[in-house]
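Student: Handing you a structure now.
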Amino acid sequence: MRFRLLVLAAVLTLVGCGGDNGTGVNGDITVGPGNTFSPQTLSLTTARNVTWAWAGARHNVTFEDAAPGSGNLSTGSFSRNFTGANAGTYRYRCTLHSADFTTGMIGSVVVP
């Protein structure tokens with residue numbers, strides 16, 4: 001029994017270390033709970049696909065650069081590929097919970 005608990009603890013530790021921000025299997029960015037993106041800023045080490053995963057509330061991901069967004073979702077996930085994207089900061093927001101890209105439910109992905 002003790003061995004099983006140690007194995008379980010090791011697996012959970014490894015899962016928690018996945019991704020750039022430790023969100024592991026759920027996605028790179030968690031949408032909600034509450035009116036938040038977590039983390040609010042995701043700094044990539046290399047340009048790649050980024051996944052937003054919903055935590056059960058109705059939100060959307062809408063990009064300042066007019067790239068296709070997620071639409072309104074309560075569950076599931078949405079991805080955007082930043083491979084080949086220009087270096088810079090890509091801002092996004094939930095249009096249901098922010099007035100612009102500077103206040104409210106906002107976030108950004110920083111591409112090297």
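The values are calculated or read from the model by the stated rules, or taken from the named source; none is laboratory data. Bear in mind the structure is a predicted one, so any value in this text is a computation, not a measurement. So basically every Cβ, Gly included, is an ideal-geometry build from the backbone, and we count neighbours across all protein chains shown. Protein only, heavy atoms only, side chains kept; ligands, DNA and RNA dropped before computing areas. Shrake-Rupley method; radii C 1.70, N 1.55, O 1.52, S 1.80 Å.
Student: What is the P(r) of the range 64-112, as percent of Cα-Cα pairs per 5 Å bin from 0?
Tutor: 5, 18, 27, 26, 17, 7, 0
Student: What does the charge count near E64 come to, summing +1 for each Lys or Arg and -1 for each Asp or Glu among other residues with Cβ under 10 Å from its Cβ?
Tutor: 0
Student: Report the far tail of the P(r) of the range 37-80, meaning the percent of Cα-Cα pairs longer than 13 Å. Don't jump to the answer; show the numbers that get you there.
Tutor: Details: 563 of 946 pairs.
Roughly 60 percent, rounded to a whole number.
Student: Which value, in Å² rounded to 10, gives the accessible area of R58 with a 1.4 Å probe and all protein chains present?
Tutor: 140 Å²
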